[in-house]
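Encoded as structure tokens, the structure appears first; notes follow it.
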Amino acid sequence: MKRKLFALSVLSTSAIVSTAIINKFVKVHAISKNKLQKSLRYKWRFGDINYTKSGTGKPLLLIHDLNAVSCSEEWKRMIPLLQKNYTVYAVDLMGCGHSEKPNMTYTNYLYVQLISDFIKSEIGHRTNVVASGEAASIPVMACANDPDLFDQLMLINPFSILEYSQIPGKRAKFYKMVVDFPILGTLLYHIATSKKAIKGEFYQRWFYDTCLIEPSWIDAYYESAHLGYSPKSVYASQKCNYTKCNIVNALKKIDNSICLVGGEKAESIWEKLKEYQDYNSAVEIALIPKTKLLPQMEAPEKLYDLIKTYFG
């Protein structure tokens, strides 16, 4: 019996050590190409925030999708167009890209604080905002709290009202607890954010014309997912609904102009966007043909034309 227990202990220890080595190898390999470069740093109270600033004119803040693999790289094709007419700020949200990634639970309110503080500290003026995907809820909530910081909002492929209203359930809390485990949780995270998984998202969900996808984008997203101290923390928080909140009251309260932009080929996008008008009749809607969830990468010129038309 003692021999069996000893053998089991040895095997368990070996498995743990092997998994830890695999985790280390994955992280080193993922960041080895140095696709993403650090830019300016905003010394926020919860950690440094990486951002870029370029161009001249009225300030425009770009907020990438709230996703563990996403970062300001999402706007790389847009910035050269926008900087002709605007002073463009593109942030890596906390937990993403080259911003700090502390081991903590990330919430919508945390990001609302971040964006509000960033505008006050680094921009210093009322600003137009373009936000993508799940992150579209952040300027909505921030604008409802402090409308004087914001001018007009453009939300690209925001989640449905119902999706934003989801809360952490028992299964979600259990999954987050597992992902938070140092070795097993990190392995699960590496599987979920593998290069194969990211490539699958690009080809199946994010792009309509897959011929436009560049391999360097997949490398950049893969690197973004593995930079920093605890990249899995934002993944666990986002997947388990800690970053979501009900935006209905904020949407009703806002007097600022809001334009919703959808990728025409994104699933049920028209129905999702029309729902916003039930709570704020002033909301405007536009669709970009032959795109899905990342028109800023798939059709930057078309999105640029919309931004110029809407923001002026």
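Checking the cross-link filter: which lysines have an alpha carbon closer than 23 Å to that of K58, excluding same-chain neighbours under 8 positions apart?
In chain and number order, the partners are K76, K84, K120, K302, K308.
Quick one: grab the alpha carbon gyration tensor of region 187-312, order the square roots of its eigenvalues as a ≥ b ≥ c, and give me rounded if a/c is under 1.5, else prolate or oblate depending on whether a/b is larger than b/c.
Oblate, because a/c is 1.5 or more while a/b does not exceed b/c.
Can you tell me the accessible area per residue over the chain, all protein chains present, probe 1.4 angstrom, in square angstrom?
On a per-residue basis, 47 Å².
Where a ≥ b ≥ c are the square roots of the eigenvalues of the C-alpha gyration tensor, would you call region 81-202 rounded, which needs a/c under 1.5, or, failing that, prolate if a/b is larger than b/c, or oblate?
In terms of gyration-tensor shape, prolate.
In the structure shown, do any of K38/K253; K170/K195; K35/K274 have a Cα-Cα gap over 31 Å, and if so which?
From K38/K253; K170/K195; K35/K274, over 31 Å: K38/K253; K35/K274.
Relative to the compact-globule scaling 2.2 N^0.38 Å, provide the ratio for the alpha-carbon radius of gyration of region 152-245.
Region 152-245 yields a ratio of 1.23.
Would you tally the net charge around E74, using a Cβ to Cβ cut-off of less than 12 Å, leaving E74 out, and scoring K and R as +1, D and E as -1?
Around E74, the surrounding residues sum to -2.
Label region 72-133 by shape, choosing from rounded, prolate and oblate, from the square roots a ≥ b ≥ c of the eigenvalues of the Cα gyration tensor; if a/c is under 1.5 it is rounded, and otherwise prolate applies when a/b is larger than b/c, oblate when it is not.
Oblate is the answer for region 72-133, as a/c is 1.5 or above yet b/c matches or exceeds a/b.
Around I138, under 13 Å between beta carbons, what's the net of Lys plus Arg minus Asp minus Glu among the other residues?
Result for the neighbourhood of I138: -3.
Summing -39500 (n - 2.57) over the DSSP H runs of n ≥ 4 in the chain and dividing by its residue number, what mean residue ellipticity at 222 nm do you reach, to the nearest 500 deg cm²/dmol?
Value at 222 nm, helices only: -12000 deg cm²/dmol.
Do you know the relative contact order of the chain, to the nearest whole percent, from alpha carbon pairs under 8 angstrom that are 6+ apart?
Relative contact order, the chain: 22 percent.
How many percent of the accessible area of the chain is carbon or sulfur, using a 1.4 Å probe?
56 percent
The values are calculated or read from the model by the stated rules, or taken from the named source; none is laboratory data. None of these values were measured; they are calculated from a predicted model. Please note: Cβ atoms are built from the backbone with ideal geometry, for glycine as well, and neighbour counts cover all protein chains shown. The protein model used for the area step is the full one, side chains on, heavy atoms only, and it has no ligands, DNA or RNA in it. Shrake-Rupley method; radii C 1.70, N 1.55, O 1.52, S 1.80 Å.
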